[in-house]
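Working notes, structure below.
The values are calculated or read from the model by the stated rules, or taken from the named source; none is laboratory data. These numbers were taken from a predicted model, which means no experiment stands behind them. Here Cβ is always computed from backbone atoms with ideal geometry, including for glycine, and neighbour counts include all displayed protein chains.
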Amino acid sequence: MEVKLEKQYPLPVAPAQAWALLCDLRATAACMPGAEITEQLSETSYKGAVKVKVGPATAQFGGTVDVLERSDADRRVVMRGKGADKGGSSASMDLTATIEADPANANACVLNGSAMVIVNGKFAQFGGRMMVSVSEMLLGQFVNQFSATAQSIAAASAASDGAVAAETVVAPPPPPVRELDGLSIVWALIKGWLARLFGRKS
Amino acid sequence: MSAVIQTPEDREASLAGIGVSRLRKEDARFIQGKGNYVDDIKMPGMLHMDIVRSPIAHGRIKRINKEAALAIPGVRAVLTAEDLKPLKLHWMPTLAGDVAAVLADEKVHFQMQEVAVVIADDRYIAADGVEAVEVEYEELPVVIDPYAALAADAPVLREDLAGKTAGAHGPRDHHNHIFTWEAGDRSAADAAFAAAPIKVEQHMHYPRVHPCPLETCGCVASFDPIRGDLTTYITSQAPHVVRTVVSMLSGIPESKVRIVSPDIGGGFGNKVGIYPGYVCAIVSSIVLGRPVKWVEDRIENISSTAFARDYHMDGELAATEDGKILGLRVNVLADHGAFDACADPTKFPAGLFHICSGSYDIGAAHCSVKGVYTNKAPGGVAYRCSFRVTEAVYLIERMVDVLAQRLNIDKAEIRRRNFIRKEQFPYTSPFGFEYDSGDYHTALQKALDALDYPALRAEQAAKRADPNSPTLMGIGLVSFTEVVGAGPSKMCDILGVGMFDSCEIRIHPTGSAIARMGTITQGQGHQTTYAQIIATELGIPSEVIQVEEGDTSTAPYGLGTYGSRSTPVAGAAIAMAARKIHAKARKIAAHMLEVSEADLDWEVDRFKVRGDDSRFKTMADVAWQSYHQPPAGLEPGLEAVHYYDPPNFTYPFGIYLCVVDIDRATGESKVRRFYALDDCGTRINPMIIEGQIHGGLTEGFAVAMGQQMPFDAQGNLLGNTLMDYFLPTAVETPKWETDYTVTPSPHHPLGAKGVAESPHVGSIPTFTSAVVDAFAHVGVTHLDMPHTSFRVWQALRDHGLAL
């Protein structure tokens, strides 16, 4: 099961701050509900885990994230994540993310994400038809958290009189959701579907 | 003797023999939940097995770590290919002359392939154990499209066959090629096409579907280490074949292997093959010395055990301008999945696909079927049909419709012009089949009259003329001929064993009887109908005749139940065994009545002295005498065994008509009428025939209108649960109208031809014919199955017919 995603998310922070957060893989991962970096294997290679809960069933994906390419000048990073769970599913994602400055506003930027996600096994078999909606929803959650984190960093750095360089920031308190909850996913999907249904009629 | 003199008709009625709608003897236990299926079997000390399966469709196994699984309390063993290797059981032969991995040996070839098994104290612990087995894969490129599989640079799927240029069915010209099989006369067909004024061609895909019986596959294997014998309760349509294969694989003498098929909850071809789960359960029982149960779940059943169909077909017809068919050419690309595990008679890698000249007198024909490997589950079984007959019938029926459309001749009329005429039987087809009997014109007329076909066409024309009509109306017509009852052992064998079947009948001293058979019922009602045959043949009431099947220790050797072979082959064996008994009984009766055998007449249930109704002996009298005081020179007892090797196949046929109304807004196809006329020769139990036809039509409806097994580019099967895979219930199923004609088979002892698969074979192209017919006025000649609302709506949209 293959899903291609192309997304643009406007963020209310300066490009440098968003880029700094994006380059901090631990902090970025923390923005994804249920995901965490558990170990750094090398300069560009990490071990991570994602936990998904659907009703009473929990799937724990374990795998690796490799930073394949990073360009500070273009504010572009290319990553490959691969993982599998013990229940017979595996997934991989090639992600290219860039931070683009907003020409109209120095304190705003756009996060461009382009991802190719491949899911195999039970997740593909059962969830195939929901893959696009689920992925979009997860990315939405991620971006909200990413934006909030970036803003709190921006606020913190402003509070310290702008003296602290972006590189030295530490991640803010962990996000409130610690695992992907399938029930909330289903609910969000239903809400999305209803919205589309009525949106089309109006 | 009784004072009441019964007429012969009364006595005949009391036998409940051939032709009587006798109620099914099986139902009493099934409707009370008293059936005894494999999963009902519990044995002392029984362990449970579950299977670790591949999440990917193609990959190399880098590492398997069993430690965490073995550490779970209650897990008794974890077996992988490495453990089976010393026993040479990590691969096994298939019925099609290939080999299949029992547990993946270094590579996985399809999603859900068996990689390891976990044996534990209970089913839950086994499942936990499966989750704890860690398998690391290196993913390889996946091949899903069979056409892509034959590209020069396509990935090599079967590395174990590297360098093998000869397969079981001739040369292999590509690393993913299995066989190319041809029938008919290519040059004659080419010549017919070169000379013909009209030629039509059509590509069609008969999609991969799954038989999906209500009961999934499973077994309980019990090896007794003291006595050295192995008993296995198994969901098998062919228990004797399983016994032979198990003995060959395990080295246990066949006399110490007992295979029992208890009640079987539907087979439909899914339970013909020998699956890795069976082999692993048997090996585990031998290794652990305890009974081991394995029962697959629904997802495993749909994903891994025996699919059907998946034929990509190109058909061509050559004809005259008035629609007389002159030639037929067919090219098929057959997607067999990762291993060639089709269940066909050995010599026929494409089964009996060459029945594809159908009910028509076609001068020249040729077909070619090419089998290829892909990264899908193996199978290709005869799902409620005689080997590949559904595919063949679908092809020819679609092609005749295409030709009719091209020439603007009505589809009933074009059939009438091309039917093999009644007086042409026995008829030899261009592929060499010798059709036994048929009367297609009579059957067609009866069907057209039953539904007032001209009125339907008039109604359709009116609907087409009305641009505001909310529905499109389609009329489907099919006139199929099947080839069943495999088969004559000169042509048909499975692993070298001829496809005969057998019956043993014993008449007890008090006149009741037991019959043991080489077949096994899975819903066909053998216990009911077989007794009726004996009742008529021997004059014993069917109520006192027991029919036993499925236990290889008691039943005579038989090839099992599939391909509509029970009545054509085993039914004949019953008649022949009964006739041996009858011949002996006549000798005994002559002795008792002190006349010569020639002076006796048989009447319903008794031998009578010719010309004197008061002097007779019933079969019960004879039975007693045979045990009490048989005539000098005759062995005591009254029993017989017969192994029946049929001289030919049988050729049941039918005419099916269907009317659909397609909602132009939603694409929903509502089946307004479905009329099925079947001719299966002599009818043994009309009620059971009707039930069989209802069941077959319902499964045909499922295939045509909803079943699909979609694979994505990575080889994930995206529909392996009953949420996705369409299994119709009473809610979706249309109302069926059945009818019949009777054209007995001249070579069958009873004249019977077999029926259970006809409705499946015949109905599927009828639905397609009806749906396509709804679009015929805009030039559509074919739409591939399944005709789901969405797909039909897409066709409506593409042709500007959607509302």
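Filtered by the rule that a residue be surrounded by 14 or more Cβ atoms within 10 Å (Cβ to Cβ) and in a loop (DSSP other than H, G, I, E, B), region B:142-155 gives B:Val142, B:Val143, B:Ile144, B:Asp145, B:Leu150, B:Ala154, B:Pro155.
Take A:Ala104 and tell me if it is in contact with a Ser or Thr (Cβ under 9 Å, 6 or more places away or on another chain) and either over 16 Å from A:Val3 (Cβ atoms) or at pLDDT below 75 (or both). Against the criterion (in contact with a Ser or Thr (Cβ under 9 Å, 6 or more places away or on another chain) and either over 16 Å from A:Val3 (Cβ atoms) or at pLDDT below 75 (or both)), A:Ala104 does not qualify. Report yes if B:Ala365 is part of a strand (DSSP E or B), modelled with pLDDT of 95 or more and either under 19 Å from B:Ala188 (Cα atoms) or out of contact with any Cys (no Cβ under 6 Å at 6 or more places or on another chain) (or both), otherwise no. Yes, satisfied. Of all residues in region B:392-418, those that are within 29 Å of the chain's Cα centre (by Cα) and within 15 Å of B:Glu316 (Cα to Cα) total 11.
This table checks each residue for (1) within 25 Å of B:Trp91 (Cβ to Cβ); (2) assigned by TED's automatic domain parsing to the domain that holds B:Ile299; (3) surrounded by fewer than 23 Cβ atoms within 10 Å (Cβ to Cβ); (4) among the hydroxyl-bearing types (Ser, Thr, Tyr).
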| residue | (1), (2), (3), (4) |
| --- | --- |
| B:Ile178 | yes, no, no, no |
| B:Ala189 | no, no, no, no |
| B:Ala195 | no, no, yes, no |
| B:Val200 | no, no, yes, no |
| B:Ala221 | yes, yes, no, no |
| B:Arg227 | no, yes, yes, no |
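The residue that is nearest to the chain's Cα centre (by Cα), among those in region A:121-154 that are more than 20 Å from A:Leu25 (Cα to Cα) and modelled with pLDDT of 80 or more, is A:Ala124.
Yes or no: A:Asp66 more than 13 Å from the chain's Cα centre (by Cα), closer than 27 Å to B:Gln714 by Cβ and buried (at least 20 other Cβ atoms within 10 Å of the Cβ)? It is false that A:Asp66 is more than 13 Å from the chain's Cα centre (by Cα), closer than 27 Å to B:Gln714 by Cβ and buried (at least 20 other Cβ atoms within 10 Å of the Cβ). Mind listing just one residue for me: the one in region B:546-572 that is more than 21 Å from the chain's Cα centre (by Cα) and among the aliphatic types (A, V, I, L, M) and, of those, surrounded by the most Cβ atoms within 10 Å (Cβ to Cβ)? Within region B:546-572, the match that is surrounded by the most Cβ atoms within 10 Å (Cβ to Cβ) is B:Val547.
Please determine whether any residue of region B:525-540 is part of a loop (DSSP other than H, G, I, E, B) and surrounded by fewer than 23 Cβ atoms within 10 Å (Cβ to Cβ). No, that holds for no residue. Checking every residue in region B:684-699 against the condition of being farther than 24 Å from B:Gly17 by Cα and either assigned to a strand (DSSP E or B) or out of contact with any Lys or Arg (no Cβ under 8 Å at 6 or more places or on another chain) (or both) gives at least one match.
With respect to (1) at pLDDT below 75; (2) within 14 Å of chain B (Cβ to nearest Cβ), the lone exception for A:Lys191 is condition (2). Which residues, counting only those in region B:705-723, are more than 7 Å from every other protein chain (Cβ to nearest Cβ), more than 22 Å from the chain's Cα centre (by Cα) and outside any loop (DSSP other than H, G, I, E, B)? Once the filter is applied, which keeps residues that are more than 7 Å from every other protein chain (Cβ to nearest Cβ), more than 22 Å from the chain's Cα centre (by Cα) and outside any loop (DSSP other than H, G, I, E, B), region B:705-723 yields only B:Phe711. Restricted to region B:36-70, and to residues that are buried (at least 19 other Cβ atoms within 10 Å of the Cβ) and charged (D, E, K, R), which residue is nearest to B:Tyr137 (Cα to Cα)? So the residue we want is B:Arg53. The set of residues in region A:1-17 that are within 14 Å of another protein chain (Cβ to nearest Cβ) and crowded, with 20+ Cβ neighbours inside 10 Å contains only A:Met1.
The set of residues in region B:475-499 that are buried (at least 24 other Cβ atoms within 10 Å of the Cβ) and of a type outside the set (A, V, I, L, M) comprises B:Gly476, B:Ser479, B:Phe480, B:Thr481, B:Glu482, B:Gly485, B:Gly487, B:Cys492.
Screening region B:35-141 for helices (runs of 4 or more DSSP H) wholly inside it with 3 or more residues that are more than 12 Å from chain A (Cβ to nearest Cβ), over 30 Å from B:Leu161 (Cβ atoms) and in contact (Cβ under 8 Å) with a residue 60 or more places away in the chain returns the ranges B:123-132.
No other residue among B:Tyr435, B:Tyr453 is within 29 Å of B:Gly184 (Cα to Cα) and modelled with pLDDT of 95 or more apart from B:Tyr435. Out of all the residues in region B:447-482, which are more than 16 Å from B:Phe775 (Cβ to Cβ) and part of a strand (DSSP E or B)? Within region B:447-482, B:Val478, B:Ser479, B:Phe480, B:Thr481 meet the criteria.
Evaluation of A:Gln60 against the conditions (1) surrounded by fewer than 17 Cβ atoms within 10 Å (Cβ to Cβ); (2) within 14 Å of another protein chain (Cβ to nearest Cβ); (3) within 16 Å of A:Met93 (Cβ to Cβ) shows that the sole unmet condition is (3). Entry remark, region B:111-158: residues being charged (D, E, K, R) and within 30 Å of B:Met46 (Cβ to Cβ) number 7 in total.
Among the residues of region B:622-640, is there at least one that is surrounded by 15 or more Cβ atoms within 10 Å (Cβ to Cβ), in a strand (DSSP E or B) and either of a type outside the set (S, T, N, Q) or touching a Phe, Trp or Tyr at 6+ places or on another chain (Cβ under 6 Å) (or both)? The answer is yes, given that some residue of region B:622-640 is surrounded by 15 or more Cβ atoms within 10 Å (Cβ to Cβ), in a strand (DSSP E or B) and either of a type outside the set (S, T, N, Q) or touching a Phe, Trp or Tyr at 6+ places or on another chain (Cβ under 6 Å) (or both). For the residues B:Gly184, B:Gly167, the requirement of being surrounded by 19 or more Cβ atoms within 10 Å (Cβ to Cβ) and modelled with pLDDT under 95 singles out B:Gly167. Counting the residues of region B:158-190 that are hydrophobic (A, V, I, L, M, F, W, C) and out of contact with any strand residue (DSSP E or B) (no Cβ under 9 Å at 6 or more places or on another chain) gives 2. Annotation: of all residues in region A:110-120 being over 11 Å from B:Asp712 (Cα atoms) and within 14 Å of another protein chain (Cβ to nearest Cβ), the one that is surrounded by the fewest Cβ atoms within 10 Å (Cβ to Cβ) is A:Met116.
Here B:Asp645 does not qualify as acidic (Asp, Glu) and in contact with a strand residue (DSSP E or B) (Cβ under 6 Å, 6 or more places away or on another chain). Given the criterion away from chain B (no Cβ under 14 Å), buried (at least 18 other Cβ atoms within 10 Å of the Cβ) and in a helix (DSSP H, G or I), identify the matching residue among A:Gln125, A:Gln145. Step by step, each of A:Gln125, A:Gln145 is checked, and only A:Gln145 is away from chain B (no Cβ under 14 Å), buried (at least 18 other Cβ atoms within 10 Å of the Cβ) and in a helix (DSSP H, G or I). The set of residues in region B:522-548 being acidic (Asp, Glu) and in contact with a helix residue (DSSP H, G or I) (Cβ under 6 Å, 6 or more places away or on another chain) consists of B:Glu537 alone. In contact with a Pro (Cβ under 6 Å, 6 or more places away or on another chain) and away from chain A (no Cβ under 14 Å), is that true of B:Pro155? Taking the combined requirement at face value, the residue satisfies it. Listed by position, the strands (runs of 3 or more DSSP E) inside region B:167-284 whose residues that are closer than 16 Å to B:Ala343 by Cα number at least 3 are B:177-184.
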